[in-house]
1. So for the chain, averaging the separation of alpha carbon pairs under 8 Å that are six or more residues apart and normalising by length, what relative contact order in percent results?
2. Once the other residues with Cβ under 14 Å from the Cβ of His98 are scored (Lys, Arg +1; Asp, Glu -1), what is the net sum?
3. Under a point spin-label approximation (7 Å from Cα along Cα-to-Cβ), what is the Thr35-Ala80 distance to one decimal in nm?
4. For the peptides 126-132, 83-89, what is the packing order when you average, over each peptide's residues, the other Cβ atoms within 10 Å and list the highest mean first?
5. Might you tell me the accessible area per residue for region 1-63, computed with a 1.4 Å probe and given in Å²?
6. For region 97-119 and region 1-78, what is the separation of their Cα centres, given in Å?
7. Taking the Cα centre of region 1-113 as the origin, how large is its charge dipole in debye, to the nearest 20, when only Lys and Arg (+1) and Asp and Glu (-1) carry charge on their Cβ atoms?
8. Considering only Val45, Ala103, Leu91, whose Cα is most displaced toward the positive end of the charge dipole of the chain, charges sitting on Cβ of Lys, Arg (+1) and Asp, Glu (-1)?
Amino acid sequence: HLAYSFSRLSSQQIPEDVRQLAGLVLMQSVRRHFTKFTADAQNFVRAEMLVALQDVESPAVRKTAGNVTVRIASRMGLAAWPDLLPTLLGLVQSGKPHEVEGAITALRVVCEDCSEDMDEATLDALVPQFVGLLQS
């Protein structure tokens, strides 16, 4: 319920601070118990964080979603979430400011916290994307 409330409900449905709190509680739950979640629950949370990274209304929700995303990636390893980096890169390339912001926020922290999981091929894919962002 936390992941859904955080990622799918708008500020018209629940106050933004309640959404933010749901995200923070979810982050703590992921930190402590994510490996104990069922596979379906893990997949659901991962999918919902990718939705929340694209939130149109709230930079705070996007930032928290980025932190939860990185917490999951750090906990499980990038290999356990093979579509994470391609999805984030796709959001960066979308051209939609809220998606670009959410994806860059997550990518920045992924590069910091999961650098041990990144092989040369991953870095070779990321670096040109980052250079392209700097040039635009």
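1. 22 percent
2. Once positives and negatives cancel, what remains is -1.
3. Reported label-point gap for Thr35 and Ala80 is 0.7 nm.
4. The peptides rank, most packed first, as 83-89, 126-132.
5. 55 Å²
6. 15 Å
7. 320 debye
8. Farthest towards the positive end: Val45.
The values are calculated or read from the model by the stated rules, or taken from the named source; none is laboratory data. Remember, it's a predicted structure, so these values are computed and weren't measured experimentally. Using ideal geometry, Cβ is built from the backbone for each residue, glycine included, and neighbour counts are taken over all protein chains shown. Areas reflect the complete protein model, heavy atoms only, side chains present, ligands, DNA and RNA absent. Shrake-Rupley method; radii C 1.70, N 1.55, O 1.52, S 1.80 Å.
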